[in-house]
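Engineer: Supplied in structure tokens, the structure appears directly below.
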Number of protein chains: 2
Amino acid sequence: MIEYKSDTNLSIMKKYSYFNGKIVALKNIKISPYDIGLLRGYGVFDVMRTQNSKPFLLAEHWQRLKNSAKDLGLNVPIAKERYKKIVERLLKLNGFKKSIVRTVVTGGYSDNGFSYQPGKETFIILMEKFIPLPKEIYARGAGVITQKFSRYRPQAKITNYVEAIRNQSRKKAAGALEIVYIENGKILEASTSNIFMVKDGAVITPKDEILIGITRNLVIKLAKKNKLKCEERNISEKELFSADEVFLTATTKNIVPVVKIDNKKIGNGRVGPVTKSLINQLEKFVKNY
Amino acid sequence: MIEYKSDTNLSIMKKYSYFNGKIVALKNIKISPYDIGLLRGYGVFDVMRTQNSKPFLLAEHWQRLKNSAKDLGLNVPIAKERYKKIVERLLKLNGFKKSIVRTVVTGGYSDNGFSYQPGKETFIILMEKFIPLPKEIYARGAGVITQKFSRYRPQAKITNYVEAIRNQSRKKAAGALEIVYIENGKILEASTSNIFMVKDGAVITPKDEILIGITRNLVIKLAKKNKLKCEERNISEKELFSADEVFLTATTKNIVPVVKIDNKKIGNGRVGPVTKSLINQLEKFVKNY
């Protein structure tokens with residue numbers, strides 16, 4: 001297991017962005033302090049990456065953004081086709097080899113700093129150079145810590161990561177990559193990933209009270225295609241700690257093996273065969289996208 | 001009971017503000033989309049008003065802002081004395097007869113849109129002309145609706161009001177002034193107020209899992225001074241509906257009588273004598289501030 005100097009694998013390079021109808025330089029995006037995304041946390045977002053210079057699983061990310069917004073009663077002010085065109089244009093303008101596309105929708109500017117008025121949404125597309133996690137993490141596995149917590153309306157990707165940020169120093173001190181949320185002894189999800197376990201050859205992942213990850217769904221599809229037994233169901237804390245293998249999935253992480261949880265070794269403390277096989281399947285799928 | 005056309009009693013007039021070290025016009029405040037107050041909901045705030053052209057209970061509001069920030073591991077980048085001076089300067093510059101002072105602290109700009117780096121905070125003071133609620137509400141009482149919900153880390157005034165905003169249309173449809181949060185049959189607080197009930201002459205208000213309101217504390221003090229029996233304790237849903245009187249407290253509302261909850265009349269449906277007496281006590285206190 002290796003340690004991480006930085007909290008993230010995202011670069012600080014960002015150039016052209018989209019803000020309320022226009023392509024603009026990042027520095028020209030000016031959010032008002034009366035934007036209820038800032039003042040009231042009324043906003044959702046999504047994070048997509050590129051593969052072979054194309055947006056990877058755009059339709060799925062777009063649908064999830066729409067679902068998140070709908071859950072809050074928030075309108076998404078543009079249509080999918082237009083979104084796709086803007087993203088493609090921004091990818092060209094920015095010219096990163098690999099990109100992260102971060103799309104944010106908030107309730108927008110509000111005179112009284114509270115009321116949401118449909119049609120006033122703030123809609124932003126940000127682009128960043130994508131720098132993957134170090135290769136060693138995939139080869140040697142990562143450690144994670146646990147935290148008692150369940151997200152508010154977890155099926156929506158709301159811009160509320162206070163619990164994750166509060167736990168960053170503890171995470172760093174533990175040399176961990178992620179924070180796994182557990183509520184009433186039930187494994188839910190990690191702060192920016194989904195979690196899977198492998199037991200007796202079966203691949204198991206929670207399905208309730210979580211954000212349904214795009215990579216999570218893809219991994220389930222690949223596992224089924226490869227005749228692995230797949231279970232979407234509750235996982236108890238006890239079960240997780242006695243798993244043969246554990247891994248995380250996320251758009252910016254793909255599949256990351258987990259070999260340690262809260263200082264307890266998982267399996268034999270090495271990346272297991274089912275995880276390795278799924279990493280290979282995912283790599284193949286991604287390369288041919 | 002009367003109905004409300006607007007969601008708020010705050011005016012849209014705002015002029016001079018304070019932003020990261022400088023007094024600036026509101027329109028010159030530019031928040032980056034990489035501010036983790038926007039992107040990750042990592043921010044706290046407080047709302048104060050003026051009385052006789054002076055900040056009302058500044059020390060109490062400042063302390064609460066500090067407590068909220070501390071709860072999140074967030075630094076408040078200026079000291080109280082400096083804050084007081086800036087507020088007084090802004091009050092002069094804006095020249096409203098009555099003002100609302102809204103102070104916001106977020107984790108600030110973050111290169112990766114996630115990591116909080118102490119020293120990078122966004123610190124904003126906004127001023128608005130204060131327009132109190134219509135007098136009839138105090139004379140005839142308001143209606144409220146209930147919602148099953150408890151806030152995350154309720155002792156901190158975090159900028160997360162998604163549940164309140166989600167319920168605005170239902171609130172409006174009911175002609176209600178507020179949304180009262182109830183969890184497991186226990187009355188907690190309203191979306192932007194504290195709640196009190198009166199039973200057999202005793203004044204009762206929750207004390208756990210809520211934001212400890214500045215007006216709430218003042219009302220308790222005034223009630224005790226006036227020899228009223230005062231109880232800070234859990235209130236069950238059943239108890240609330242069988243109360244003799246119910247009222248809300250908030251900085252921008254003072255004491256608002258509640259005569260209807262979810263279409264059920266409270267007491268005889270009129271503003272009760274204990275509520276009236278406390279409104280008078282508070283008015284007296286405020287006038288002499």
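Engineer: Can you pull out every residue in the stretch B:62-110 that is buried (at least 21 other Cβ atoms within 10 Å of the Cβ) and of a type in the set (Gly, Ala, Ser)?
Structural biologist: Passing the criteria: B:68, B:69, B:99, B:107, B:108, B:110.
Engineer: Follow-up. So is residue B:288 surrounded by fewer than 19 Cβ atoms within 10 Å (Cβ to Cβ) and modelled with pLDDT under 95 or not?
Structural biologist: Values: surrounded by fewer than 19 Cβ atoms within 10 Å (Cβ to Cβ): yes; modelled with pLDDT under 95: yes.
Yes.
Engineer: Just to be sure I understand, how many residues within the stretch A:46-103 are touching a residue at least 60 places away in the same chain (Cβ under 8 Å), within 14 Å of another protein chain (Cβ to nearest Cβ) and hydroxyl-bearing (Ser, Thr, Tyr)?
Structural biologist: Here the count works out to 1.
Engineer: Touching a residue at least 60 places away in the same chain (Cβ under 8 Å), in the same structural domain as residue B:96 (by TED's automatic domain parsing) and part of a loop (DSSP other than H, G, I, E, B): is that true of residue B:37 in this structure? Show your work before the answer.
Structural biologist: Details: touching a residue at least 60 places away in the same chain (Cβ under 8 Å): yes; in the same structural domain as residue B:96 (by TED's automatic domain parsing): yes; part of a loop (DSSP other than H, G, I, E, B): no.
Against the criterion (touching a residue at least 60 places away in the same chain (Cβ under 8 Å), in the same structural domain as residue B:96 (by TED's automatic domain parsing) and part of a loop (DSSP other than H, G, I, E, B)), residue B:37 does not qualify.
Engineer: Collect the residues in the stretch B:151-175 that are touching a strand residue (DSSP E or B) at 6+ places or on another chain (Cβ under 9 Å) and touching a residue at least 60 places away in the same chain (Cβ under 8 Å), keeping them in residue-number order.
Structural biologist: B:151, B:156, B:157, B:158, B:159, B:160, B:168, B:174, B:175
Engineer: Still on this structure, please answer the following. Is at least one residue of the stretch A:115-122 within 17 Å of residue B:38 (Cα to Cα), more than 16 Å from the chain's Cα centre (by Cα) and of a type in the set (Asp, Glu)?
Structural biologist: yes
Engineer: Under 8 Å by Cβ, and 6 or more places apart or on different chains, what pairs join a residue from the stretch A:221-250 that is part of a strand (DSSP E or B) with one that is of a type in the set (Asp, Glu)?
Structural biologist: Pairs found: A:248/A:178.
Engineer: Taking the stretch A:194-246, which residues are among the acidic types (Asp, Glu) and either under 18 Å from the mean Cα position of the chain (by Cα) or over 18 Å from residue A:180 (Cα atoms) (or both)? Steps first, please.
Structural biologist: Narrowing the stretch A:194-246 to residues among the acidic types (Asp, Glu): A:200, A:208-209, A:231-232, A:237, A:239, A:244-245.
Once the filter is applied, which keeps residues that are among the acidic types (Asp, Glu) and either under 18 Å from the mean Cα position of the chain (by Cα) or over 18 Å from residue A:180 (Cα atoms) (or both), the stretch A:194-246 yields A:200, A:208, A:209, A:231.
Engineer: Residue B:273 passes all but one of (1) modelled with pLDDT under 95; (2) touching an Asp or Glu at 6+ places or on another chain (Cβ under 9 Å); (3) of a type outside the set (A, V, I, L, M); which number fails?
Structural biologist: Among (1) modelled with pLDDT under 95; (2) touching an Asp or Glu at 6+ places or on another chain (Cβ under 9 Å); (3) of a type outside the set (A, V, I, L, M), the lone unmet condition for residue B:273 is (1).
Engineer: Another question, if that's okay. Please state which one of A:279, A:255 is on the phi < 0 side of the Ramachandran plot and outside any strand (DSSP E or B).
Structural biologist: Details: A:255 fails: outside any strand (DSSP E or B).
Just a single option satisfies the conditions, and that option is A:279.
Engineer: Return a yes/no flag: does the stretch B:152-168 have any residue that is surrounded by 23 or more Cβ atoms within 10 Å (Cβ to Cβ) and away from chain A (no Cβ under 13 Å).
Structural biologist: Scanning the stretch B:152-168 turns up no residue that is surrounded by 23 or more Cβ atoms within 10 Å (Cβ to Cβ) and away from chain A (no Cβ under 13 Å).
Engineer: Would you point out the residue of the stretch A:255-285, among those that are out of contact with any Ser or Thr (no Cβ under 6 Å at 6 or more places or on another chain) and among the charged types (D, E, K, R), that is surrounded by the most Cβ atoms within 10 Å (Cβ to Cβ)?
Structural biologist: Just the residues of the stretch A:255-285 that are out of contact with any Ser or Thr (no Cβ under 6 Å at 6 or more places or on another chain), to begin with: A:256, A:258-261, A:263-285.
Okay, now just the ones that are also among the charged types (D, E, K, R), so A:260, A:264-265, A:270, A:276, A:283-284.
Numbers: A:260: 20, A:264: 12, A:265: 13, A:270: 17, A:276: 17, A:283: 13, A:284: 10.
Residue satisfying both the conditions and the ranking: A:260.
The values are calculated or read from the model by the stated rules, or taken from the named source; none is laboratory data. All values derive from a computational prediction rather than experimental measurement. Every residue, glycine as well, gets a Cβ built from its backbone with ideal geometry; the counts of neighbours run over all protein chains shown.
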